[in-house]
Amino acid sequence: MIDSSTAPEAAASPARRRIVVVGGVAGGMSFAARARRLDETAEIVVLERGAHVSFANCGLPYHVGGEIPDADRLLVQTPQSLRAALALDVRTGHDVTALDTDGRVVTATTAAGVVELPYDALVLAPGARAVRPPIDGLGSARVRTLRTVDDARTLRERVQAGARRAVVLGAGFIGVEAAEALASAGLEVTLVELGPHVLPPLEDEVAHPVTQELRRLGVVVRAGVAAEAVEAGPDEDVVVLGDGTRVPADVVVLSVGVRPDTETFEAAGLECERGAIVVDEHGRTSAPGVWAVGDAVVQADAVTGLRRPVALAGPANRAGRLVADDVVRPGTARPLPAPLGTAIVRVGELTAATTGANRAALDAAGLAYRTLHLHPNQHAGYFPGASQVHLVLHVRPGDGLLLGAQAVGRDGVDKRIDVLATALRAGMAVGDLVDLDLAYAPPYGQAKDAVNLAGMVGSNVLDGTLRLWYAQDVDAVLAHSLVLDVRTPQEVATGHLPGALLIPHTELRDRLDEVRAAAAGRPVRVLCASGVRSAIAHRVLAQAGFDSASLSGGTLTLRAVLGDRAHDLLVVPEPALA
């Protein structure tokens, strides 16, 4: 062990406050930069296990696919640039292996030996590490995670060396981005996900278009199945799936999730919850003089209150800045905001995004909610290039408080999710969305923007003007209700629910007796393509005394919820003989 009494660290003036940061990248470097701007006198030492202290980890898949050809572009800062600009003492290759909170000393292992470093204030930003599930063969040289610049470089080198087939294990955000990148580079890609669909945080109806887009890109999507083994061979590996399928691979990307990298600090006595460090509203841990930020910290969700780590760069960056305020200017710092989990991903020509709570989180928290589905255009329909934004909102019954939102589409998704994330942070109700004064010109939006329309639909649902039924309940509806399809004959010809009564909405008022006879006292459940015409039909039926409801999101949502089952359930009429 290096004697700390003779190490350079011990030479610091006792009057100079030493702040030690464990871990760089988002949370750690954001803290260090802000702390320096607030305090020019402090000694700020950053200890980073890896070779790079500040890099764009969200850009790693795009180097693998070649969109970012030079991996050095992913390096945001270097130890040299940080020393020159901010007088930070950044030490890469320092793996912190012990913490003495009573003596206020951290111990790090380096290539030169073991270093003990005293501190006055300690900020932990150790991040997370890739989960390695109990799958035989993960030690194969062809298996790689995608967490570091070196990971991305290695995968890119394998692509350039002629890899032809890849298997990606895990279809979260990084896994889907990796699959897209490898497919765009010309590889045959199989994407394996244990959950029922890709991008598990997304609702079924949002994830389905992403699956379809991945298939369009040539990716074979295997959802609802586990990988059981990786069999290494001289020329290629074989990934064995739970259903017995054997998938050859030159490259295997392991991306099944992450867990907080906190064993050292939990062993030192810091309070942890399911492996994540517990902090207060200012990032303070259970040990005096120790703060923590980023992926390794447990936080209460802003909507549900459920406690979990949030492995996202944006919250980590913002938390690092606020913790610096608390360390340097205690008593004046703003508290850390509870995370909304806003995230976005590009998949081919589609973009999918989410903010706030999904159904699974709301159910786990025992919170009641209503769900809205809309499919408006991202800009004026008469302007070239109009395409739909498929939008899902969850709102609280009664007051309509926004609880969560998701969207998928070819354009305009980021704008709507960012607006809705802002509305969620502001504690707005769905009716408040009607009044948002959003920018409008034909190339950019509609006079009634998608967000405004969501407010209108939500207000109608809350006040009883509109009553909804949901695609998830289609089997029960078919068993106990009359389905009334108010689309045109041309639309019906693409597929309709079995036993549905087919009446275009423009003819409904003149054919109410026909509906009454077919219903025979049963409820009437109306549908159209997107929910607009069925809402009109519902108002006609409700005011005529029917027990009526409109399918939320129409057949667009129905097909997305049914997924591949839509081919079996929907009836396609035989073409008429000439």
With Asp449 itself left out, Lys, Arg at +1 and Asp, Glu at -1 over residues whose Cβ is under 15 Å from its Cβ give -3
Quick calc, the stretch 254-336, dipole around Cα centre from Cβ unit charges on Lys, Arg (+) and Asp, Glu (-), nearest 20 debye, gives 240
Counting only DSSP beta bridges fully inside the chain, the antiparallel percentage to nearest 5 is 55
Answer in debye to the nearest 20: the dipole magnitude of the chain about its Cα centre, from +1 Lys/Arg and -1 Asp/Glu charges placed on Cβ, is 860
Measure of exposure for Glu491: accessible area at 1.4 Å probe, Å² rounded to 10, is 50
note: the stretch 299-352, Cα-Cα separations exceeding 16 Å make up a percent value of 55
The correct ranking of Glu48, Glu507 by accessible area at 1.4 Å, largest first, is Glu507, Glu48
Trypsin sites (Lys or Arg not before Pro) in the stretch 414-463 lying in a DSSP loop, each with at most 16 other Cβ atoms within 10 Å of its Cβ, come to Lys448
Of Cys528, Cys58, ordered by accessible area with the largest first and a 1.4 Å probe, the sequence is Cys58, Cys528
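When the solvent-accessible surface of protein heavy atoms is calculated with a 1.4 angstrom probe, in what order do Ser255, Ser184 fall, highest first? Before the final figure, lay out the partial values.
Numbers: Ser255 25, Ser184 80 Å².
Output order, biggest surface exposure first: Ser184, Ser255.
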The simple spin-label model distance between Arg511 and Arg83, using points 7 Å out along Cα→Cβ, in nm, is 8.0
At R0 = 60 Å the Cβ-Cβ FRET efficiency linking Asp136 and Val114, nearest 0.05, sits at 0.95
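Please compute the net charge surrounding Leu350, taking Lys and Arg as +1 and Asp and Glu as -1 over other residues with Cβ under 11 Å from its Cβ.
My count for the surroundings of Leu350 gives -1.
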In Å³ per residue, the alpha-carbon convex hull of the chain encloses 191
For Cys272, the net charge from surrounding residues (Cβ-Cβ under 12 Å; K, R +1; D, E -1) works out to -2
Expressed per residue, the solvent accessible area of the chain in Å² (1.4 Å probe) is about 43
Summing -39500 (n - 2.57) over every DSSP H run of at least 4 residues in the chain and dividing by its residue count gives a helix-only mean residue ellipticity at 222 nm, to the nearest 500 deg cm²/dmol, of -8000 deg cm²/dmol
Taking protein heavy atoms only, a 1.4 Å probe, and rounding to whole percent, the accessible area of the stretch 430-578 owed to carbon and sulfur comes out at 55
With all protein chains present, the stretch 270-415 has a carbon and sulfur share of its accessible area (1.4 Å probe) in percent of 52
Log entry: pair-distance distribution for the stretch 479-578, C-alpha pairs binned every 5 Å from zero, whole % per bin is 3, 14, 25, 26, 18, 10, 4, 1, 0
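The values are calculated or read from the model by the stated rules, or taken from the named source; none is laboratory data. None of these values were measured; they are calculated from a predicted model. Don't worry about glycine lacking a Cβ; one is built from the backbone with ideal geometry, like all the others, and counts go over all protein chains shown. With ligands, DNA and RNA removed, areas are computed over all heavy atoms of the protein, side chains included. Shrake-Rupley method; radii C 1.70, N 1.55, O 1.52, S 1.80 Å.
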